[in-house]
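S.K.: Structure incoming, see below.
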Amino acid sequence: MATRSVLAGFGSYLPRRVVSNDELAQKLDTSDQWIRERTGIGQRHIVSEGETAVSMAAEAARAALKFAKIPAEDVDAVLVATSTPDQIFPATAVRVLNELNVKNGFGFDIAAACSGFIYALSTADAFIRAGQAKCIIVIGSEVYSRILDWSDRGTAVLFGDGAGAVVLKACDDSNDQRGLIATHLHADGATGDLLYVDGALGQPEHSGFLKMSGRDVFRHAVSKLSSSMDEALEDSGLTYADVTWLVPHQANIRIIEGVARKLALPMERVVVTVDRHANTSAASIPLALDEAVRDGRIKSGDLILMEALGGGLTWGSALARL
Ligand code: COA
């Protein structure tokens with residue numbers, strides 16, 4: 001039987017500091033009611049001194065390895081999905097390899113904004129199927145608080161910081177049905193101005209802040225996310241009735257509910273963390289997975305559908321048997 005990638009371990013890290021909507025409303029012309037009604041967000045975690053993209057990624061990775069009962073020396077690679085690395089290079093992933101004391105691995109970062117975790121999962125799966133790696137930690141780690149204009153109420157209220165990790169392990173056992181079944185990735189650079197960061201290092205004429213046309217992003221989200229999940233199921237000969245849990249990117253409860261409604265998936269089968277984490281970009285799916293696996297909602301054998309859309313625009317889906 002062909003080699004497959006089994007999701008063998010889950011971990012996450014959330015910054016210690018919790019910032020409520022009411023706290024934001026002390027500095028911005030906004031309110032807890034507006035934020036909850038339009039987004040479903042009640043609070044977010046924001047990094048303090050000592051909490052970085054690398055430190056959070058390493059904490060999430062350690063927890064995922066512990067869950068999988070896999071020693072760090074068995075890790076072949078670390079892929080980190082992030083749009084907010086601590087440095088341009090060395091890559092966050094290489095710093096994490098060092099934190100984990102992995103001496104014989106390789107690693108690199110993937111920048112696909114909020115779709116980054118799906119992109120990284122798909123990339124890691126390709127390495128495993130090709131026989132180039134047997135164990136890869138796929139991480140999403142983001143510090144969006146650093147790229148937000150804290151005086152812009154249209155974006156500042158939407159995002160949070162955090163990290164999540166999944167250990168992918170090669171499996172050749174034909175009796176074992178677990179593993180990634182399909183991933184689908186998409187990008188449309190023509191929509192790049194709908195959600196972007198204004199500038200980069202060494203460009204003082206730019207603000208360096210996240211900019212967004214919220215309504216346009218919203219409009220693209222429901223249709224693009226639904227179609228990429230349709231693809232995942234059609235290619236696999238499965239239907240939405242087979243899906244045990246939808247684990248969506250956590251941008252906005254209205255987008256999540258819109259997608260679930262379109263697919264006729266009851267919200268009881270959707271993992272939601274946006275109320276407590278806000279949008280943690282590439283970290284949101286592995287954070288949600290870790291929570292739902294650890295609290296017993298997601299069980300071995302469940303069919304999990306994941307989706308994300310983000311700046312680029314990039315979007316995609318992943319289907320897996322846990
Ligand atoms: N508090 C209070 N009022 C706010 C506000 C805030 N935090 N942010 C915007 N407003 C105001 C606007 O200024 C506008 O006021 P006006 O009518 O006087 O001009 C009004 O609320 C409506 O703004 P609009 O942007 O049209 O609201 P919306 O219903 O589209 O909701 C978003 C805004 C951002 C919540 C919504 O568009 C959205 O969720 N989009 C998707 C964003 C997303 O998830 N991006 C990440 C994808 S990975």
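What follows draws every value from the coordinates through simple rules; no lab data is involved. Computed from a predicted structure; not experimentally measured. Positions of Cβ are backbone-derived with ideal geometry, glycine not excepted, and every protein chain shown enters the neighbour counts.
S.K.: Pick out, from the stretch 179-298, the helices (runs of 4 or more DSSP H) lying fully within it that include 3 or more residues that are within 16 Å of the ligand (Cβ to nearest atom) and farther than 30 Å from ALA2 by Cβ. I'd like the intermediate steps shown before the answer.
M.R.: Details: elements: 214-236, 253-262, 274-277, 284-294.
In the stretch 179-298, 214-236, 253-262, 274-277 are the helices (runs of 4 or more DSSP H) which contain 3 or more residues that are within 16 Å of the ligand (Cβ to nearest atom) and farther than 30 Å from ALA2 by Cβ.
S.K.: So PRO15 fits all but one of (1) in contact with a strand residue (DSSP E or B) (Cβ under 6 Å, 6 or more places away or on another chain); (2) not in a loop (DSSP other than H, G, I, E, B); what number is the exception?
M.R.: Against the list (1) in contact with a strand residue (DSSP E or B) (Cβ under 6 Å, 6 or more places away or on another chain); (2) not in a loop (DSSP other than H, G, I, E, B), PRO15 comes up short only on (2).
S.K.: Name the single residue that is nearest to the ligand (Cβ to nearest atom) among those in the stretch 1-30 being of a type in the set (A, V, I, L, M, F, W, C) and surrounded by fewer than 19 Cβ atoms within 10 Å (Cβ to Cβ). Show your work before the answer.
M.R.: Let us first name the residues in the stretch 1-30 that are of a type in the set (A, V, I, L, M, F, W, C), namely 1-2, 6-8, 10, 14, 18-19, 24-25, 28.
Filter once more, keeping what is surrounded by fewer than 19 Cβ atoms within 10 Å (Cβ to Cβ): 1-2, 18-19, 25, 28.
Values: MET1: 37, ALA2: 33, VAL18: 18, VAL19: 14, ALA25: 8, LEU28: 7 Å.
Among them, the one singled out is LEU28.
S.K.: Hey, GLN33 hits all of (1) surrounded by fewer than 22 Cβ atoms within 10 Å (Cβ to Cβ); (2) in contact with an Asp or Glu (Cβ under 7 Å, 6 or more places away or on another chain); (3) not hydrophobic (A, V, I, L, M, F, W, C) but one; which does it fall short on?
M.R.: That leaves (2) as the condition not met.
S.K.: Being aliphatic (A, V, I, L, M) and buried (at least 22 other Cβ atoms within 10 Å of the Cβ) is the filter here; which residues of the stretch 92-101 pass it? Reasoning before the result, please.
M.R.: Step one: filter the stretch 92-101 for residues aliphatic (A, V, I, L, M), giving 93-94, 96-97, 100.
Correct list: ALA93, VAL96, LEU97.
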